[in-house]
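In what follows, a single structure is set out as structure tokens and then discussed.
The values are calculated or read from the model by the stated rules, or taken from the named source; none is laboratory data. It should be emphasised that the depicted structure is a prediction, and the values quoted were computed from it without experimental measurement. Because the Cβ atoms are built from the backbone with ideal geometry, glycine has one as well, and the counts that use them run over all protein chains shown.
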Amino acid sequence: IDQYVITYTTSRLRPGKHQVLIQGYLASGQLIPTVRWHFFVKGREGGAATEVTLNGRVFAETRQENISRIGFTANNLGGDMSVKYGVIRTDAHVFLTSRESSRFQPRNRYTFNVELPLLGVTFGDTYPYFNELMLWGKRVRGIYGRLHFGFINFDVVHGQTNRKVAPEFDPTTNAITRFGTHEQNLLGLRTSFGSGKHFQLGFNLVKVRDDVNSLNPGESSETPKDNLVLGSDLLIALDNRRIELKASAAFSLLTNDITNGPLSKQKIEEQFDVNLPFDPADFKDWIIINSSTVPLDPRDLTSLAWLVRFRMNYFNNILNVGFKSLGSQYNSLGNTFLRTDLRGFFFQDRFRLFKNRVFVNLGFERYIDNFDQNNQSPATALSTFIYGISIFPGSRYPSLSVNVRNHNRDNDIEQLIIEQTVSGQVTKDLREDNTTRDIAVQFNYDINLFQLEHSITIGYILSDRTDRFGSTRLTGPNLSDVNSNIQTFNLRTRYRFPLTTNFTFARNDNSFAKGLNNFKFNMYGIRFEYQFLHRKLQTYFGTNVTSASGTTVFLGTTNQAITDYTRTAFNLGLRFDISSKHFILIDGHIIRFNDNGGTFDTSTQSFISRNPSFTDRLLRIYLESRL
């Protein structure tokens, strides 16, 4: 039960007539008028009949944009369809766009999926999740097969992660004006034991290799690479997943340039003065090993990554504790978003009080960046303390959330470093000890005033970054200090007729280097929404104005970057429900950007250059039909 909807789930109903009866009392004790209606269930008693269930949608969209008399057009077409027949389920997803071009990676998307009780196969664009250290949601265009018995399971994915993009050349000089991209292919293998409901132990292999023959040498800004990652993961879940333990570990080999293939055993022994018990060329189908392979000596474990997470949910309390370590030379091209050379732990606790009316969250993180010193950068301690409280006293009262985050970076270097070189004395400043404090406050209140429903939201965000060594920096005092505060206000009003208005205000003040540089903006906006034809036609009109100003000083010169612009936007649109399964959207936007800023010379008190002003016009039409 919530403020507007009552939901009730019942067991299977027999065919025939049924009655719904709703009775209740207000908090004051007054009886609520009884609500009653009837409905019918059609069909025959007996086992569930096998029938085809079809769901889906198709859509078409066009976007016409004109910026300073330069036109852009994008047309999109797509759809989703799901068919279920007994234990068989199929899904298909298609997205086609006029922005598809061989000059870029694919923008069109195609997926066809078949699911059986034990077997699943996906063709086209798929996003497999094996292990977050190895393969985690990366797009693979190919085939992804799954055979899950419960006690033992097999997953295989193979396909293309990057397609070949040919370079572009200057027709007169034949020089490369735009580098190309090698075709890249991925193979992922996973064997796991256990269904994953209470227990699962998995073993994974991910192999990613660039196709050397897809481009000629020098036609790409990146050398072709080869990557092999081996790993395992463990899941233990107890008491309906109230207790959950997850652990993962992986080891990687990355060869940064496979242009010339693998080195022979003899060449490696001669070049690196080692004795190899095997010939690397024998393993070239799995990993090409040469002088660009990292790590060359895996005994240092610089390419090892592991993580452990423990979660417990009891007594209105959700506790999360985790440890992780990612070596500086760990690389997985199946998950390129991992931050490496990082080791530490985290603690998070969120508990509920007073019948879920108060939520308190506490958190602490402690990591060491550059912990293995492989890149010669100083180890830096990253400490973050998070705490906050959210109060939800009930629908008749306002709610409040306050959250604080303190983050510190400290590399324990207290003094300047003076080095003697051939050219003379060099002073280095590697000191780092800065603290950033973020405070976020949000107030929400739904109130009935003058027989109108109002939703009020007020927000305040403060961020302050202080450098302990700021006053003694060689480049200038306090240049890395940052102070920012944001205030927001939103009022949404629902009238007794089908009109809704939304007023928005936002203000942002930023100061850098103790006021040496600054930037601020104010934004005002209002939007009207009105419904016609028994809510089948929904229309809106809105406008907002943003003004910004600021100054950025170029040290060592008399030049300044002046920010001074006004952005005025008008929005007009509608949604028309043609029927219960068909609707059309039409949106129009006009944005006028009036810029008076530029590069200013304080010595001559004149502008060296001016920023351009422009007008942006956008029309969007979207049509959707559901099956």
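Inclusion of Thr380 among residues that are outside the structural domain of Leu319 (by TED's automatic domain parsing) and touching a His at 6+ places or on another chain (Cβ under 9 Å) is not warranted.
Scanning region 470-483 for residues that are under 34 Å from the mean Cα position of the chain (by Cα) and not acidic (Asp, Glu) yields Gly470, Asn478, Leu479, Ser480, Val482, Asn483. Scan region 501-514 and give yes if some residue there is outside the structural domain of Asp577 (by TED's automatic domain parsing), within 30 Å of Phe576 (Cα to Cα) and either among the β-branched types (Val, Ile, Thr) or out of contact with any strand residue (DSSP E or B) (no Cβ under 9 Å at 6 or more places or on another chain) (or both), otherwise no. Taking every residue of region 501-514 in turn, at least one turns out to be outside the structural domain of Asp577 (by TED's automatic domain parsing), within 30 Å of Phe576 (Cα to Cα) and either among the β-branched types (Val, Ile, Thr) or out of contact with any strand residue (DSSP E or B) (no Cβ under 9 Å at 6 or more places or on another chain) (or both).
Residues in region 309-360 that are within 24 Å of the chain's Cα centre (by Cα), basic (Lys, Arg) and more than 21 Å from Ala247 (Cβ to Cβ): Arg350 alone. Kindly indicate whether Phe497 is at pLDDT below 95, more than 30 Å from Asn406 (Cβ to Cβ) and of a type in the set (Phe, Trp, Tyr). For Phe497, the condition - at pLDDT below 95, more than 30 Å from Asn406 (Cβ to Cβ) and of a type in the set (Phe, Trp, Tyr) - is met. Of all residues in region 236-260, those that are in a loop (DSSP other than H, G, I, E, B) and either on the phi < 0 side of the Ramachandran plot or surrounded by 14 or more Cβ atoms within 10 Å (Cβ to Cβ) (or both) total 6.
Quick grid of which residues meet (1) modelled with pLDDT of 95 or more; (2) surrounded by fewer than 16 Cβ atoms within 10 Å (Cβ to Cβ); (3) more than 26 Å from Leu238 (Cβ to Cβ); (4) out of contact with any Phe, Trp or Tyr (no Cβ under 6 Å at 6 or more places or on another chain):
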site	(1), (2), (3), (4)
Asn335	yes, no, yes, no
Gly344	yes, no, yes, no
Phe347	yes, yes, no, no
Arg357	no, yes, yes, no
Tyr367	yes, no, yes, yes
Asn370	no, no, yes, yes
Gln376	no, yes, yes, yes
Ile389	yes, yes, yes, yes
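Taken over region 409-440, the criterion of being part of a loop (DSSP other than H, G, I, E, B) and over 40 Å from the mean Cα position of the chain (by Cα) is satisfied by Val422, Ser423.
Looking across region 338-356 at every residue that is touching a strand residue (DSSP E or B) at 6+ places or on another chain (Cβ under 8 Å), free of Cβ contacts under 8 Å to residues at least 40 places away in the same chain and assigned to a loop (DSSP other than H, G, I, E, B), the one that is farthest from Leu135 (Cα to Cα) is identified as Asp341.
Determine whether Leu449 is closer than 30 Å to Phe497 by Cα and not polar (S, T, N, Q). Here the answer is yes, as Leu449 does meet what is asked. Given the structure, is Ile578 under 24 Å from Phe95 (Cβ atoms) and more than 30 Å from the chain's Cα centre (by Cα)? When the stated conditions are applied, Ile578 passes them. Checking each residue of region 262-275 against the condition of being buried (at least 16 other Cβ atoms within 10 Å of the Cβ), modelled with pLDDT of 90 or more and not β-branched (Val, Ile, Thr) gives at least one match.
Here's the yes/no breakdown for (1) closer than 30 Å to Lys514 by Cβ; (2) of a type in the set (S, T, N, Q):
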residue: Lys536; (1), (2): no, no
residue: Thr546; (1), (2): yes, yes
residue: Tyr565; (1), (2): yes, no
residue: Ala569; (1), (2): no, no
residue: Gly573; (1), (2): no, no
residue: Ser580; (1), (2): no, yes
residue: Ile586; (1), (2): no, no
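Report, by residue number, each residue of region 310-333 that is surrounded by fewer than 16 Cβ atoms within 10 Å (Cβ to Cβ), in a strand (DSSP E or B) and either among the hydroxyl-bearing types (Ser, Thr, Tyr) or in contact (Cβ under 8 Å) with a residue 40 or more places away in the chain (or both). Of everything in region 310-333, those that are surrounded by fewer than 16 Cβ atoms within 10 Å (Cβ to Cβ), in a strand (DSSP E or B) and either among the hydroxyl-bearing types (Ser, Thr, Tyr) or in contact (Cβ under 8 Å) with a residue 40 or more places away in the chain (or both) turn out to be Phe310, Tyr314.
Counting only strands (runs of 3 or more DSSP E) that sit completely within region 116-186, those holding 1 or more residues that are buried (at least 17 other Cβ atoms within 10 Å of the Cβ) correspond to 119-126, 129-131, 140-148, 153-162.
Each row is one residue, and each column tells you yes or no for (1) over 30 Å from Phe443 (Cβ atoms); (2) of a type outside the set (A, V, I, L, M, F, W, C); (3) assigned by TED's automatic domain parsing to the domain that holds Asp211.
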position	(1), (2), (3)
Pro277	yes, yes, no
Arg299	yes, yes, no
Ser332	yes, yes, yes
Val360	no, no, no
Thr384	no, yes, no
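Restrict the check to region 441-459 and report whether at least one residue is under 17 Å from Asn508 (Cα atoms) and among the hydroxyl-bearing types (Ser, Thr, Tyr). Within region 441-459, one or more residues are under 17 Å from Asn508 (Cα atoms) and among the hydroxyl-bearing types (Ser, Thr, Tyr).
Taking the stated definitions as given, is Thr380 touching an Asp or Glu at 6+ places or on another chain (Cβ under 6 Å) and either in contact (Cβ under 8 Å) with a residue 12 or more places away in the chain or more than 27 Å from Glu432 (Cβ to Cβ) (or both)? Against the criterion (touching an Asp or Glu at 6+ places or on another chain (Cβ under 6 Å) and either in contact (Cβ under 8 Å) with a residue 12 or more places away in the chain or more than 27 Å from Glu432 (Cβ to Cβ) (or both)), Thr380 qualifies.
Taken over region 512-558, the residue count meeting the criterion of being over 33 Å from the mean Cα position of the chain (by Cα) and of a type in the set (Lys, Arg) is 2. Would you say Gly78 is under 17 Å from Tyr622 (Cβ atoms) and in contact with a Phe, Trp or Tyr (Cβ under 7 Å, 6 or more places away or on another chain)? Considered against the rule, which asks whether it is under 17 Å from Tyr622 (Cβ atoms) and in contact with a Phe, Trp or Tyr (Cβ under 7 Å, 6 or more places away or on another chain), Gly78 comes out as yes. Working only within region 521-571, note down all residues that are of a type in the set (Val, Ile, Thr) and outside any loop (DSSP other than H, G, I, E, B). Selection gives Ile526, Thr539, Thr543, Val545, Thr546, Thr551, Thr552, Val553, Ile562, Thr563, Thr566, Thr568. Please count how many residues of region 187-209 are surrounded by fewer than 19 Cβ atoms within 10 Å (Cβ to Cβ) and part of a strand (DSSP E or B). The qualifying residues number 9. On inspection, Phe505 passes the criterion of being over 30 Å from Arg409 (Cα atoms) and either within 26 Å of the chain's Cα centre (by Cα) or hydrophobic (A, V, I, L, M, F, W, C) (or both).
Look at (1) assigned to a strand (DSSP E or B); (2) more than 27 Å from Gly588 (Cα to Cα); (3) in contact (Cβ under 8 Å) with a residue 40 or more places away in the chain and you find that Pro106 fails only one, number (1).
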